[in-house]
Amino acid sequence: MKLIDRYISEVADRLPEKMRDDLSKEIRSLIEDTLEDRAKASGKSVDDEVLVSEVLKEFGSPSKMAASYLPPRYLIGPRLYPIFWLVFRIVLGITALVWVITLGVNLAENVTSVQAGVDLAVRSIADFFGSAMVVLGNIVLIFAIIEWLMPKVTKEKESNWDPRSMEDRREQDKVSLAELIAGIVFTLIVMLVFNVYPQWIGVGFLDNGQITFSPILTEAFFRFLPVLNVLWILELVKYAILIRENKWTGFTRWMDIGLHVAGIAIAAAMLAGAPIAVLPANSVLGSEPDLINLFRYFVSGILVVIIVGSTVDVVKSLVRMFKK
Amino acid sequence: MEQQQMVENMVLELRRGVIVLAVLSQLQEEQYGYSILKLLADKGLEVDQGTLYPLLRRLESQGLLESLWRVEGARPRRYYVISAEGRKVLPLLKEEWDKLAVTMSGFLAK
């Protein structure tokens with residue numbers, strides 16, 4: 001095959017089928033015209049391979065040539081890219097966090113020797129890359145679909161855009177998309193762990209030279225789970241409204257305060273009632289009275305921190321609401 | 001070197017800005033791709049092949065040019081000529097260009 005034929009074939013391979021024949025014919029004609037002119041000027045033959053190479057080099061590589069006839073195409077365009085990158089990093093971070101926790105739990109529960117630990121860690125790294133690729137691949141796919149669907153919607157929106165529609169948001173009413181997404185992801189993880197994998201919440205300890213991992217949540221905690229679920233679902237609803245409204249409103253502020261107050265009430269009820277977490281009774285830890293007491297204070301301390309933190313949040317929300 | 005490259009890119013951008021007007025103005029009569037390139041070059045506007053040829057297709061798809069294949073000698077060639085729509089658009093572009101030229105001359109006058 002001649003050099004020109006090979007070039008045309010390479011370009012054609014990169015073109016959409018409906019324009020392939022016509023454009024191939026046109027590019028061949030353009031190359032031959034250029035060659036004819038150059039051959040006349042230099043006194044060489046139009047079949048001179050050096051001359052043909054020079055002309056083809058001027059036309060550029062087949063991919064460059066084909067691209068010049070096509071509109072710019074991308075999977076995720078510049079408009080969506082910042083939010084894609086944000087979601088990508090958050091999800092990658094969460095996947096890594098889940099992997100670390102899972103690895104820690106598996107190491108504590110199943111590993112009896114250093115060699116077994118190393119083997120598990122190596123297998124786990126391979127699993128992590130597999131999961132990360134699947135998760136991130138799905139994110140790319142979702143954004144690519146949004147990108148594909150977006151032009152129609154945004155064009156219509158932009159042609160009807162009115163500068164007066166821009167709201168004068170007070171600084172304290174602005175929301176951070178990154179924080180909202182992080183909040184949603186965190187809430188979902190919390191719901192998943194407490195409802196599906198509550199056994200992950202526990203303590204690891206050495207028992208007869210072997211690492212053992214035991215869950216610590218009690219029946220008393222699980223009695224609170226339905227009401228906690230309602231609270232978390234309402235939290236997700238709040239995040240969805242904030243994303244939609246793109247600012248804090250009176251309604252979302254009151255909703256936030258209500259959720260915090262409900263959280264404080266639940267934490268107080270947990271504090272006053274039977275212990276929500278105890279050291280496993282059938283373990284070396286569960287037979288040490290000092291340790292049991294220390295753990296009880298630790299759990300109570302966490303609940304007190306939740307109560308104090310939520311109270312501070314309620315006060316901050318009230319100040320923001322009434323701040324001029 | 002970096003500065004030279006930067007200036008070359010800017011010159012390229014400037015040329016790209018006027019190339020539509022130049023092509024429409026020179027296609028009152030039928031021309032094929034390479035002859036348009038030569039015509040523009042002979043009149044002082046060097047245009048890259050990779051810029052001109054796709055532009056001809058784009059202007060045709062926008063209805064500003066028409067094209068037809070014609071066999072001359074042993075080879076077929078696609079000839080381009082300004083369309084009726086292109087003839088309506090050209091004076092409007094020319095008017096804009098005249099205004100722009102005056103404005104820019106004013107900006108750049110010493």
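The values are calculated or read from the model by the stated rules, or taken from the named source; none is laboratory data. Small disclaimer: the values here were computed from a predicted structure and weren't measured. Here the Cβ positions follow ideal geometry from the backbone for every residue, glycine too, while neighbour counts run over all protein chains shown. What goes into the accessible areas is simple: the full protein's heavy atoms, side chains included, and nothing from ligands, DNA or RNA. Shrake-Rupley method; radii C 1.70, N 1.55, O 1.52, S 1.80 Å.
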Practice problem: Could you grab the pairs with beta carbons closer than 6 Å, sequence gap of 6+ or different chains, first residue in segment A:73-101 and farther than 18 Å from A:THR187 by Cα, second one open to solvent by less than 80 Å² (accessible area, probe 1.4 Å) and not in a helix (DSSP H, G or I)? | Solution: A:PHE84/A:ILE76
Quiz item: Out of curiosity, is A:LYS40 open to solvent by 60 Å² or more (accessible area, probe 1.4 Å), outside any helix (DSSP H, G or I) and more than 25 Å from B:ARG58 (Cα to Cα)?
Solution: no
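Quick check on A:ILE307: is it open to solvent by less than 30 Å² (accessible area, probe 1.4 Å) and at negative phi? Even if it seems obvious, please write down each step before you answer.
On the way: open to solvent by less than 30 Å² (accessible area, probe 1.4 Å): no; at negative phi: yes.
Here the answer is no, as A:ILE307 does not meet what is asked.
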Quiz item: So which residues in segment A:165-191 are modelled with pLDDT of 85 or more and in contact with a strand residue (DSSP E or B) (Cβ under 9 Å, 6 or more places away or on another chain), if there are any at all?
Solution: none
Quiz item: Do you know which of the residues in segment A:84-121 that are assigned to a helix (DSSP H, G or I) and of a type in the set (S, T, N, Q) is most open to solvent (accessible area, probe 1.4 Å)?
Solution: A:GLN115
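Which is surrounded by 15 or more Cβ atoms within 10 Å (Cβ to Cβ) and touching a strand residue (DSSP E or B) at 6+ places or on another chain (Cβ under 7 Å), of A:PHE194, A:PHE205? Reasoning before the result, please.
Working: A:PHE194 fails: touching a strand residue (DSSP E or B) at 6+ places or on another chain (Cβ under 7 Å).
Of A:PHE194, A:PHE205, the one residue that is surrounded by 15 or more Cβ atoms within 10 Å (Cβ to Cβ) and touching a strand residue (DSSP E or B) at 6+ places or on another chain (Cβ under 7 Å) is A:PHE205.
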Self-check item: Residues of segment B:27-54 that turn out to be more than 9 Å from chain A (Cβ to nearest Cβ), open to solvent by less than 50 Å² (accessible area, probe 1.4 Å) and at pLDDT 90 or above, as a count
Solution: 8
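Kindly check whether there is at least one residue in segment A:51-65 that is polar (S, T, N, Q), on the phi < 0 side of the Ramachandran plot, away from chain B (no Cβ under 14 Å) and assigned to a helix (DSSP H, G or I). Even if it seems obvious, please write down each step before you answer.
Of all residues in segment A:51-65, those polar (S, T, N, Q) come to A:53, A:61, A:63.
Filter again for on the phi < 0 side of the Ramachandran plot, leaving A:53, A:61, A:63.
Next, only the ones that are away from chain B (no Cβ under 14 Å) stay: A:53.
Now narrow it down to the ones that are assigned to a helix (DSSP H, G or I): A:53.
Yes, some residue in segment A:51-65 is polar (S, T, N, Q), on the phi < 0 side of the Ramachandran plot, away from chain B (no Cβ under 14 Å) and assigned to a helix (DSSP H, G or I).
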Quiz item: Looking only at segment A:17-40, which residues are within 48 Å of the chain's Cα centre (by Cα) and within 13 Å of chain B (Cβ to nearest Cβ)?
Solution: A:LYS18, A:MET19, A:ASP21, A:ASP22, A:LEU23, A:SER24, A:LYS25, A:GLU26, A:ILE27, A:ARG28
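A:SER124: away from chain B (no Cβ under 12 Å), within 22 Å of A:PHE213 (Cβ to Cβ), out of contact with any Asp or Glu (no Cβ under 6 Å at 6 or more places or on another chain) and open to solvent by less than 30 Å² (accessible area, probe 1.4 Å), yes or no?
On the way: away from chain B (no Cβ under 12 Å): yes; within 22 Å of A:PHE213 (Cβ to Cβ): yes; out of contact with any Asp or Glu (no Cβ under 6 Å at 6 or more places or on another chain): yes; open to solvent by less than 30 Å² (accessible area, probe 1.4 Å): yes.
For A:SER124, the condition - away from chain B (no Cβ under 12 Å), within 22 Å of A:PHE213 (Cβ to Cβ), out of contact with any Asp or Glu (no Cβ under 6 Å at 6 or more places or on another chain) and open to solvent by less than 30 Å² (accessible area, probe 1.4 Å) - is met.
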Practice problem: Provide a single number: the residues in segment B:79-97 that are in contact with a Gly (Cβ under 7 Å, 6 or more places away or on another chain) and closer than 16 Å to B:GLN31 by Cα. | Solution: 1
Quiz item: Could we say that A:LYS57 is open to solvent by 60 Å² or more (accessible area, probe 1.4 Å), at pLDDT 90 or above, farther than 27 Å from B:LEU68 by Cα and basic (Lys, Arg) here?
Solution: yes
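Would it be correct to say that A:ASN293 is among the polar types (S, T, N, Q), assigned to a loop (DSSP other than H, G, I, E, B) and modelled with pLDDT under 90? Talk me through it step by step, then tell me what you get.
Details: among the polar types (S, T, N, Q): yes; assigned to a loop (DSSP other than H, G, I, E, B): no; modelled with pLDDT under 90: yes.
In short, no.
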Quiz item: Is it true that B:GLY86 is under 26 Å from A:ILE31 (Cβ atoms), in contact (Cβ under 8 Å) with a residue 24 or more places away in the chain and among the small types (Gly, Ala, Ser)?
Solution: no
Exercise. Quick one: count up the residues across segment A:66-83 that are surrounded by fewer than 17 Cβ atoms within 10 Å (Cβ to Cβ) and within 14 Å of chain B (Cβ to nearest Cβ).
Key: 3
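Confirm whether B:GLU13 is assigned to a helix (DSSP H, G or I) and more than 18 Å from A:ILE27 (Cα to Cα).
Working: assigned to a helix (DSSP H, G or I): yes; more than 18 Å from A:ILE27 (Cα to Cα): yes.
Considered against the rule, which asks whether it is assigned to a helix (DSSP H, G or I) and more than 18 Å from A:ILE27 (Cα to Cα), B:GLU13 comes out as yes.
Any residue in segment A:228-243 that is assigned to a loop (DSSP other than H, G, I, E, B), open to solvent by 60 Å² or more (accessible area, probe 1.4 Å) and in contact (Cβ under 8 Å) with a residue 60 or more places away in the chain?
Here is the first cut: in segment A:228-243, the residues assigned to a loop (DSSP other than H, G, I, E, B) are none.
No, the conditions are met nowhere in segment A:228-243.
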Practice problem: Among residues belonging to segment B:57-110 that are within 14 Å of chain A (Cβ to nearest Cβ) and in a helix (DSSP H, G or I), point out the one that is least open to solvent (accessible area, probe 1.4 Å). | Solution: B:LEU59
Quiz prompt | Selection within segment A:263-290 - over 32 Å from the mean Cα position of the chain (by Cα) and either part of a helix (DSSP H, G or I) or of a type in the set (Ser, Thr, Tyr) (or both) | solution = A:ALA265, A:ALA268, A:ALA269, A:MET270, A:LEU271, A:ALA272, A:SER283, A:LEU285, A:GLY286, A:SER287, A:PRO289, A:ASP290
